[in-house]
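What follows is one structure encoded as structure tokens, with my remarks underneath.
The values are calculated or read from the model by the stated rules, or taken from the named source; none is laboratory data. Just so we're clear, the structure is a prediction, and the values are computed from it rather than from any experiment. Glycine gets a Cβ as well: all are built from the backbone with ideal geometry, and neighbour counts include every protein chain shown. When the accessible area is computed, the model is the full protein with side chains, heavy atoms only, and any ligands, DNA or RNA have been set aside. Shrake-Rupley method; radii C 1.70, N 1.55, O 1.52, S 1.80 Å.
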Amino acid sequence: MPDLIQISDDLTFALSNAHFAYVFRVSQEGVLEHLHYGGPLSDPLGVPRHPRRMNRHVVPTFQGTPYYSLSDTPQEYSSFGTSDYRFPAFHGQNADGNTVFSLLYETHEIVEVKPPLHGLPSSRGDGSQTLIVTLHDRLHGLRVTLSYTVWADYGVLARSATFENLSDHDIDLRHVFSSALDLPADDYEIQHFHGTWSREFNEERIALPQGRFVADSARGTSSSAHNPYVAILQAGATESFGRCYGTTLVYSGNFAISVEKGEFDDVRVLAGLNPFNFNWRLKPGKIFTTPEALHTFSGRGLGALSHHWHDFIRDRVSPERFRHVPRPTYLNTWEAAYFDIDEDKVLSLAETAKQIGVDMVVLDDGWFDGRQDDTSSLGDWGADPVRFPSGIPALAAKVKAKGLKFGIWVEPEMVNPQSQLYAQHPDWILHVPDRVPSLGRNQLTLDLSRADVQDYLFDSLNAILSCGDVDYVKWDMNRTMTEVGSAALPRKRQQETPHRYMLGLYALLDRLVASYPEVLFENCASGGNRFDLGMLSYMPQGWISDMCDPIGRLAIIGGASHLFPLDVMAAYIGPSPNHQNGRVSSVRTRFLAGAFCAARGVSLGQADIAAHQRELSDWMRFAQDTKADMVGGRFDRVKKTENEVAWQYSSRDGQTIYLTYFHSLSGPNMPARRVYYVGLEPTAAYHHADSKVIYRGDALMQSGLPLPRVSAREVASGVQCMPEGDFSAYLFVLRRI
Ligand code: GLA
């Protein structure tokens, strides 16, 4: 492996590979100063030392050092109170009430094996080197260890921090950001993804304002309101142009990604635990570890930024066991029957599933003891004796006897007040004393920071999975947290509850995944309310949204694709009119919107399936035939206008190139449009099955392919047309010959 980390005698540190270089140094004062994050450099240690500002009229100088202020010095890990007024990476309080910390360089080392993060998921270190730099506040006895990992083959840098209390008194940790990135003054935009239930991953791009922009969550889940992903873009960046810096976290709870444009226009990006309503009491001798932050740089626009993320997430974050493993197609009972489900219906849907050629039946909500609607029974994980008299293991065996796989829905983190579990353990929920707990979807959140709750859930799930016939689990989580407090924690530690909850959840998932490595887990939280790299570390795919209307879903998949590969997404053909927005759309458009997701299927009732049996069978056959292609390939957003979307997906071996084109509203007399392919082999020949035309790669990339006409009424024969009407979709398949 090439040297990924270089260190000079004057303590300049460079982490670099073919994709980027990241350089910082220790100043005379002992401050870690950031020097460069951007494209690769032939001599990273020789990166220019840009002059500091010299006008010190408006800012104090650092601890009396002439001409040196932290207020405009780019730093690796800032604190507050010693001449820097920007939002700091670290802020804490000593037992004597003092909140001024000064973290100065102590030592460093390079390690070949990436250290795991205690109790937290993190990216796999194969093919990487890690630089560990320790900072020390000698007055307060706090040591901060910064960890930087660089891989030979990926454009991603991983960072985290640990805090060790070397003093003999408690230290309260308040800001414990995982990483801080100080970028030079420039003309930037912020790209972030916001939303709500059924409208996740809306992309917003705004000019970077003066002051502070924060994407965050205090809901207990990373949330659909703000996905934990923010990119800083050179103003005007496109899919193929501009410097872009992406930041995300391997974490699923309360987070903040803060972007601050300071008084001198330099930009600070902080990523980590949300400091709002957070306090961690660090006892003498104890260590606190932050979640992992990940950064990516692209000098060639958003497309390349996404490719860096996709390759890395697939190879180093998502479970290794399922890497490049084709996913089963499935029939999910939710939109087929909702709560009106029983053993006979599952078996008859299984028969239908076989007829239309899907691999797996997933029994969604409604199967457990007393669960007839969403008012009861979460927590009681035995099968309902009336509707599922044979029990889950026997039902799973019957489904499998038909040659299908069997999957099941659970929502382990929740309890309904109307349940045996709540009656027995009212103190097992997140709550604060003497306050009525707020309900969400009629349910309360179990306190997963408690070991007894984790054990109960492990045993409950073990009872279902140990039969050995469950191939897939959809792990749901349908409310955000309120009245967050734990009966198991002392008064001074109540603000640790949300993070301890996450540590408890991860501990439970660690146990389950280790016990059932073959089970395919799908992450869901009312759709995409916790769609992040923390959950993805355990669950190789996720239910990104409850929005199955294709036009709604296109925006969601397109937004999420900036960070996530489509390998980790599941999509199914739901009913039309759609149950969330009432839109009527064809089976074809419903399928094609999710065609490049690794996991595909249907969730339709028997009558709907019967009405479209031939077409559904055709698409499920297509899904079967292409499922090996839909893992590990390359995804490109090749067209996006208000009315149109085109996506290109190239199989991992580069042999098959799929392109889907969608328009929302039809129109008369529309202009002739083209789409320009990307990433093809310029001199290779590609055969288009429908038109029987052979194109060269360079022709498809430089001259483009004519898109089908919107309306057959206005074109001569021989020209491809979209199916008529609104919400229409077209699929091109090119094979390299
Ligand atoms: C959530 C999920 C749905 C479905 C229901 C069941 O809303 O996102 O897919 O599983 O719960 O209650």
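Past the 31 Å Cα-Cα mark, which pairs from Lys114/Lys283; Lys474/Lys627; Lys402/Lys627; Lys114/Lys639; Lys354/Lys474? Exceeds cut-off: Lys114/Lys639. To the nearest 10 Å², what's Glu33's accessible area with a 1.4 Å probe? Approximately 10 Å² for this residue. Using the 1.4 Å probe convention, the accessible area of the chain works out to 36 Å² per residue with neighbouring protein chains retained. Computed over segment 321-632, the P(r) curve from all C-alpha pair distances, binned at 10 Å from the origin, holds 6, 27, 35, 23, 7, 1, 0 percent per bin. Here Lys640 is the anchor, and the aspartates and glutamates within straight C-alpha reach of less than 16 Å, apart from those fewer than 8 places off in the same chain, are Glu203, Glu204, Glu239.
Find out how many positive minus negative residues lie around Arg634, taking Lys and Arg as positive, Asp and Glu as negative, among other residues whose Cβ is under 15 Å from that of Arg634. All intermediate terms of the calculation are to be shown ahead of the outcome.
On the way: positive: Arg300, Arg314, Arg637, Arg652, Arg736; negative: Glu239, Asp311, Asp315, Asp567, Asp629, Asp636, Asp653, Glu681.
Neighbourhood net charge equals -3.
A simple spin-label model places the labels of Glu518 and Glu263 6.5 nm from each other, with each point 7 Å out along Cα-to-Cβ.
Rg then Dmax, both in Å and based on the Cα atoms of the chain: 26.8, 85.
Stokes-Einstein diffusion for segment 5-317 at 25 °C, viscosity 0.890 mPa s, with a Kirkwood radius from C-alpha pairs, works out to 124 µm²/s.
Per residue, the convex hull spanned by the Cα atoms of segment 636-736 amounts to 91 cubic angstrom. Each Lys or Arg adds one and each Asp or Glu subtracts one; over the other residues with Cβ under 12 Å from the Cβ of Val675, this totals +3.
Relative contact order for the chain: 10 percent, from Cα pairs under 8 Å spaced at least 6 residues apart, divided by residue count. Look at where the Cα atoms of segment 421-458 and of segment 212-256 average out, and the two centres are 31 Å apart.
Using the rule -39500 (n - 2.57) for each DSSP H run of four or more residues, divided by the residues of the chain, the 222 nm mean residue ellipticity is -5000 deg cm²/dmol.
Expressed as a rounded percentage, what relative contact order does segment 1-155 have, with Cα pairs under 8 Å and six or more residues apart?
Details: 296 pairs, mean separation 30.2, N = 155.
Relative contact order comes out at 19 percent.
Modelled label positions at Asp170 and Ile110, each set 7 Å beyond Cα in the direction of Cβ, lie 4.2 nm from each other.
Principal axis extents of the Cα atoms in segment 323-400, from largest to smallest and rounded to whole angstrom, are 37, 28, 23. Just the Cα atoms of segment 30-148, one point each, no solvent: what log10 I(q)/I(0) does Debye give at q = 0.10 Å⁻¹? Log10 I(q)/I(0), no solvent term: -0.40.
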